[in-house]
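Worksheet: one structure, shown below.
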Amino acid sequence: MKFVLNRGKTTVNLKKAGLDKEKLEDELMTDRVIIFDTTLRDGEQSPGATMNQHEKLQLARQLERLGVDVIEAGFPASSEGDREAVRRIASEIKNSRVVSLSRSLAEDIEASWAAVEKAHKPGIHTFIATSDIHLTHKLRMSRDEVIDRAGKAVRLARSLCDWVEFSCEDATRSDRDFLCKVIETAIREGAGTINVPDTVGYSYPAEISELIKFIRNNVYGIETIIISTHCHDDLGLAVANSLAAVETGVRQVECTINGIGERAGNASLEEIVMALRTRQDHFGLVTGIVTEQIFHTSRLVTAITGIPVQPNKAIVGANAFSHESGIHQDGVIKERSTYEIMDPESVGISKSSLVLGKHSGRHAFRERMQTLGYYLTDEEVNLTFICFKKLADRKKTIYDEDLEAIVAEEVLRTTETYKLISLTVMAGSEVVPTATVKMMVDGEECHGAELGSGPVDATYNAILKLTGRRPNLLRFAISSITGGTDALGEASIRLEEDGNIAAGKGAHEDILVASAKAMVNALNRLAYMSRIPRSSVRL
């Protein structure tokens, strides 16, 4: 049975667009915002944020627990590694839709479909640029050629998959009449979602609102599809622009955890979701996000990518629910709502993170891990429990942050070209700092010693000599994960080599060991990146 919707001069075939009457009523409900997470694709384009297949799968599982509607798992045409990662995610995720990105090229679209065809809910996302600056300098195509390419791409994607999204790259800098023609073509060929990206973060809220209104008033068939937006944060307006678009009728928002992504990043998922929830009185909209999973998801992304969250970051920053001013403290003690517009527990921040000690058993350990959002296999529980016991013997108290550090060190780091076995450092005011390092390099044990201007410098000199790599150190920082003199120290570094930038993190009670682990972690990422070419997609 076919359902059609008439508007003016055009009749839109809903069946061809991948919609039936029931789905149309459900998907286009006015009070529901679809959350499209692109942390695994656009987020991975942050310098140094490249993830291996195991890390991508771990994060995809957590995004599903978070309640994300659509997971953009990757860009399969970019490399065999990305293709396999998308396949693995597609085969396991059941509740979220798994989508792969492709340019408006037949080979890209076919690669995308091959990667997601086994998914419980598969999708293909294809795009082409529509601004004159992109047409002239990047694509070197005429407007008619772009319209033809867009139509053919959507037609092919729709022949393979029921769910197709089409994006007009750099939409906010495109000629509006031409933009509408491209969108109309995509709808006519069967796209069920149209994305209007602010690719370079150029727009401001009122401008985004005007653009969405223009599209809604000038595109035939627009009422049969979902309008999406994908905003970048170059001017710090990604979340504001996304919310302005939502107010104007957009019902899908594309975003990332912690706002990571190309250049200044993307719209932050946690900020959009909590803005809609906290100001439900204004927006009158809901999402399907399990907000109690937000904080853990943020921490997981930080652990995997090595990209820290600044303390004053909204929702998930260390200071987001902290109060130092005496006036503020007094107000919160008397009535929380005086200075807190959200309950910390609503985003998964526990009031008390002290949980375990050296006498705690395996069952309590597993339960606490599950409370934190880590659903470990028996093998992973055994591995992390041993590390927990060793840490508990050295520390008086174990905090949630300590447990997260153990998981980051022992579970998430599986692709290891290099592995630190031991480190011995001699340093002091009267000696030349010397570090002796034992490592596994490509499966072979090796060791060596080097001097340095300080203990960390000596350690890094020894590691780099054994690995044979010569990266540039762009950033080095050490911080305490928890309080106390016995707290775990966390080292964060950023390396650059042959145009690739990799972040690394390491945690240990000894800050020199933490520093060594961070270096080894970053070198493993560089080794992975040198094998897997990075995508150049700029959606």
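Find the residue count for the range 450-488, including only residues that are assigned to a strand (DSSP E or B), within 26 Å of K390 (Cβ to Cβ) and in contact (Cβ under 8 Å) with a residue 12 or more places away in the chain. Outline the logic, then answer.
Within the range 450-488, the subset assigned to a strand (DSSP E or B) is 450-451, 472-480.
Retained after the next criterion (residues that are within 26 Å of K390 (Cβ to Cβ)): 477-480.
Restricting the remaining residues to those that are in contact (Cβ under 8 Å) with a residue 12 or more places away in the chain gives 477-479.
Of the residues in that region, 3 qualify.
Please go through the range 442-463 and pick out each residue that is more than 22 Å from V431 (Cα to Cα) and under 30 Å from the mean Cα position of the chain (by Cα).
Kept after step one, since they are more than 22 Å from V431 (Cα to Cα), are these residues of the range 442-463: 442-446.
Result: D442, single match.
Is there a residue being modelled with pLDDT of 90 or more, surrounded by 14 or more Cβ atoms within 10 Å (Cβ to Cβ) and part of a strand (DSSP E or B) anywhere in the range 391-404?
Let us first name the residues in the range 391-404 that are modelled with pLDDT of 90 or more, namely none.
Within the range 391-404 (the criterion being modelled with pLDDT of 90 or more, surrounded by 14 or more Cβ atoms within 10 Å (Cβ to Cβ) and part of a strand (DSSP E or B)), the answer is no, since none of the residues qualifies.
Just to verify a result, which residue in the range 167-217, among those that are hydroxyl-bearing (S, T, Y) and farther than 21 Å from S142 by Cα, is farthest from the chain's Cα centre (by Cα)? Walk me through how you get there before you give the answer.
Taking the range 167-217 as the starting set, the residues that turn out to be hydroxyl-bearing (S, T, Y) are 167, 172, 174, 185, 193, 199, 202-204, 209.
Among the residues that remain, those that are also farther than 21 Å from S142 by Cα are: 193, 202-204, 209.
Numbers: T193: 21, Y202: 22, S203: 23, Y204: 24, S209: 26 Å.
Among those residues, the one meeting the criterion is S209.
In the range 457-504, which residue that is touching a Phe, Trp or Tyr at 6+ places or on another chain (Cβ under 7 Å) and closer than 20 Å to L526 by Cα is modelled with the highest pLDDT? Lay out the reasoning, then the answer.
Of the range 457-504, the ones touching a Phe, Trp or Tyr at 6+ places or on another chain (Cβ under 7 Å) are 467, 482, 493.
In the following step, the residues that additionally are closer than 20 Å to L526 by Cα were identified as 467, 493.
Working: T467: 94, I493: 91.
Looking at the filtered set, the residue picked out is T467.
Could you check the range 126-161 and list, in sequence order, the residues that are crowded, with 16+ Cβ neighbours inside 10 Å and not in a helix (DSSP H, G or I)?
Matches in the range 126-161: T126, F127, I128, A129, T130, S131, M141, C161.
State which residue pairs qualify: first residue farther than 15 Å from T193 by Cα and inside the range 25-41, second residue modelled with pLDDT under 95 and of a type in the set (D, E, K, R) in any location, beta carbons under 8 Å apart, and separation of 6 or more residues or different chains.
Taking only residues 6 or more apart or on different chains, the pairs are L40/K56.
Using the structure shown, decide if K213 is charged (D, E, K, R), assigned to a helix (DSSP H, G or I), touching a helix residue (DSSP H, G or I) at 6+ places or on another chain (Cβ under 9 Å) and surrounded by fewer than 24 Cβ atoms within 10 Å (Cβ to Cβ). Steps first, answer last, please.
Values: charged (D, E, K, R): yes; assigned to a helix (DSSP H, G or I): yes; touching a helix residue (DSSP H, G or I) at 6+ places or on another chain (Cβ under 9 Å): no; surrounded by fewer than 24 Cβ atoms within 10 Å (Cβ to Cβ): yes.
When the stated conditions are applied, K213 does not pass them.
In this structure, does F321 turn out to be touching a residue at least 24 places away in the same chain (Cβ under 8 Å) and part of a loop (DSSP other than H, G, I, E, B)?
Details: touching a residue at least 24 places away in the same chain (Cβ under 8 Å): yes; part of a loop (DSSP other than H, G, I, E, B): yes.
When the stated conditions are applied, F321 passes them.
With the condition kept exactly as written, say whether any residue in the range 123-140 is within 12 Å of V182 (Cβ to Cβ) and among the small types (G, A, S).
For the range 123-140, residues within 12 Å of V182 (Cβ to Cβ) and among the small types (G, A, S): present.
Of the residues G443, G454, which single one is assigned by TED's automatic domain parsing to the domain that holds T424 and modelled with pLDDT under 90?
Within the list G443, G454, the selection yields G443.
Condition test on R97, is it at pLDDT 95 or above, closer than 21 Å to S167 by Cβ and among the charged types (D, E, K, R)? Please lay out each step first, then the result.
On the way: at pLDDT 95 or above: yes; closer than 21 Å to S167 by Cβ: yes; among the charged types (D, E, K, R): yes.
For R97, the condition - at pLDDT 95 or above, closer than 21 Å to S167 by Cβ and among the charged types (D, E, K, R) - is met.
What is the one condition in (1) touching a Phe, Trp or Tyr at 6+ places or on another chain (Cβ under 7 Å); (2) β-branched (V, I, T); (3) part of a helix (DSSP H, G or I) that V86 does not satisfy?
Here V86 clears every test but (1).
Each row is one residue, and each column tells you yes or no for (1) in contact with an Asp or Glu (Cβ under 9 Å, 6 or more places away or on another chain); (2) not small (G, A, S).
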{"site": "V407", "(1), (2)": "yes, yes"}
{"site": "V411", "(1), (2)": "yes, yes"}
{"site": "S422", "(1), (2)": "no, no"}
{"site": "G443", "(1), (2)": "no, no"}
{"site": "C446", "(1), (2)": "no, yes"}
{"site": "P455", "(1), (2)": "no, yes"}
{"site": "A458", "(1), (2)": "yes, no"}
{"site": "L473", "(1), (2)": "yes, yes"}
{"site": "A491", "(1), (2)": "no, no"}
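The values are calculated or read from the model by the stated rules, or taken from the named source; none is laboratory data. The structure presented is a predicted model; accordingly, all values stated were derived computationally and were not measured. Using ideal geometry, Cβ is built from the backbone for each residue, glycine included, and neighbour counts are taken over all protein chains shown.
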